[in-house]
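Report on one structure; see the data block that follows.
The values are calculated or read from the model by the stated rules, or taken from the named source; none is laboratory data. Here the structure is a predicted model, which is why all the values come from computation and not from measurement. All accessible areas refer to the heavy atoms of the entire protein, side chains included, with ligands and DNA or RNA removed. Shrake-Rupley method; radii C 1.70, N 1.55, O 1.52, S 1.80 Å.
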Amino acid sequence: MGSRPTKIVFLVAAMMFFAVLALDIAVPALVLSAMALSNWLVLSTEATQYPRRRGTA
């Protein structure tokens, strides 16, 4: 099928491909987790800090 150096090159290329593929999944997952955490922190603050008054404009 091929010489030994050719097989090693294909092996390294395959390893790099699958490593990048794993990063394509992990990085967006971390970003979405950070966004969800920040959203939760903002929404978990008490709404009574900023009282709304009707009719005062």
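General remarks:
- Some residue of the stretch 39-46 being open to solvent by less than 100 Å² (accessible area, probe 1.4 Å), under 12 Å from the mean Cα position of the chain (by Cα) and of a type in the set (Ser, Thr, Tyr): no
- Residues of the chain that turn out to be assigned to a loop (DSSP other than H, G, I, E, B) and modelled with pLDDT of 90 or more, as a count: 1
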